[in-house]
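Notes for the one structure printed next.
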Amino acid sequence: SDIEKGTYPYYMLKEIDDQPTVMRRVVQEYTDSFGETVINQEIIDHVTDSDRIYIIACGTSYNAGWVGKAIIEKMTNTPVEVHLSSEFGYNMPLLSEKPFFIFLSQSGETADSRQVLVQANEFSYPSLTLTNVAGSTLSREADYTLLLHAGPEIAVASTKAYTAQIAVLAVLAKAVGDHKGNQSSLDFDIAHELSVIAAVMETMIDEKMVISQLVEDYLATTRNAFYIGRGVDYYVSMEASLKLKEISYIQAEGFAAGELKHGTIALIEEGTPVFGVVTDKKTAAHTRGNLKEVESRGAHNFVISLQSLAKETDQVIIPDVHPLLTPLVSIIPTQLIAYFATLQRGYDVDKPRNLAKSVTVE
Ligand code: G6P
């Protein structure tokens, strides 16, 4: 069954491996044989009618929300804000006239997110929960639910729920964009693009041993590490560093590459590992410039790039995919980096100290 570890040493590794299957399942569940999206029309109407979408989430789901924002804004032309539940609940920003709330929660049980939903319900704002757990609290209490269909996620560090959330948000964005007749959406063949993603994910997962070796060289003993990128590569950097810190206990941070020079670059020492994510054509040269800057201050650079933007010296090169969906594949090597760093440092991959899979207290 889905929750058997089988021959895997850890659930996390199994769940990383599950991701191509999850992408194909999202295509099956949410598109028809013509490649058209299959999403409850009421949800589409609410989103179409809304003047601003508020994505509310915690942890990895929050990081998925940022990628979702980039996709939704492009497809639908509706502005999207992404908020941490624990901040939004007590410091609610001024809302637009017609807000639409999207709660992202793997478990559907996160108390911080629920307290925002309770407030949204008091104002009768329309709401949707994306969750992996049918019948969960956030699913029951929101107006609508879209299931992630990722299968049970057991490891505390979330992997396949992150990619499933992005994929389902992309389907939703496509459904709304098509409904609005937006050309960028009509031109986006989501079923095809997600199938390409599944295949490229497999390619990346097959490079496990390469990643394991790189990690041994870069992360076996370091105290800290940084991920940098711009745009969606920055959003991936935030999730990549969260993954690394939560299980390997390396102090890891994700930074907007252009911000480095405004402070963070002070942290770079001889040998500090810096991972650059380079998948966005319009910012690739800038991020490479930032990588040069840290390298000249002693950083040990490690570049994850898209084939069409790659340099021979890059450590991980990803076959090209649709530009809006690159996070679904660039995240894979970073999940493996976190996994192998944790193994090599001798910690329990699936059960990091101080963390719980689902946090039901505020
Ligand atoms: C906990 C988990 C994280 C997760 C976060 C949000 O802190 O350890 O991995 O991202 O909760 O969980 P949710 O179920 O709401 O996505």
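Every read-out reported here was derived from the displayed coordinates using simple, explicitly stated rules and does not represent laboratory data. The shown structure was predicted, so the numbers you read here are calculated from the model rather than taken from an experiment. Don't worry about glycine lacking a Cβ; one is built from the backbone with ideal geometry, like all the others, and counts go over all protein chains shown.
Observations on the structure shown:
- Enumerated helices (runs of 4 or more DSSP H) restricted to the range 174-240, each holding at least 1 residues that are in contact (Cβ under 8 Å) with a residue 24 or more places away in the chain and of a type in the set (V, I, T): 190-206, 208-218
- Scanning the range 194-230 for residues that are of a type outside the set (A, V, I, L, M) and crowded, with 20+ Cβ neighbours inside 10 Å yields Y218, F226, Y227, G229, R230.
- For the range 306-348, filtering for residues that are over 27 Å from L169 (Cβ atoms) and either out of contact with any Phe, Trp or Tyr (no Cβ under 7 Å at 6 or more places or on another chain) or within 16 Å of the ligand (Cβ to nearest atom) (or both) leaves 14.
- Qualifying position, being over 14 Å from the mean Cα position of the chain (by Cα) and more than 30 Å from I265 (Cβ to Cβ), among Q183, Q213, Q165: Q183
- Residues in the range 49-77 that are surrounded by fewer than 19 Cβ atoms within 10 Å (Cβ to Cβ) and either of a type in the set (S, T, N, Q) or farther than 24 Å from F188 by Cβ (or both): 1 in all.
- Of the residues making up the range 130-171, those that are polar (S, T, N, Q) and out of contact with any strand residue (DSSP E or B) (no Cβ under 6 Å at 6 or more places or on another chain) are N132, S136, T137, S158, T159, T163.
- Listed by position, the helices (runs of 4 or more DSSP H) enclosed by the range 37-154 that each have at least 1 residues that are within 13 Å of the ligand (Cβ to nearest atom) are 59-76, 85-88, 111-122, 137-141.
- Inside the range 248-262, residues that are touching a Lys or Arg at 6+ places or on another chain (Cβ under 9 Å) and buried (at least 24 other Cβ atoms within 10 Å of the Cβ) make up a count of 3.
- Residue list for the range 259-312, filter: assigned to a loop (DSSP other than H, G, I, E, B) and of a type in the set (D, E): E269, E270, D280, E312
- In the range 17-45, the residues that are closer than 24 Å to I331 by Cα reach residues that are among the charged types (D, E, K, R) with C-beta atoms within less than 8 angstrom, at least six apart or across chains, in these pairs: D18/K160; Q19/K160; P20/E202; V22/K160.
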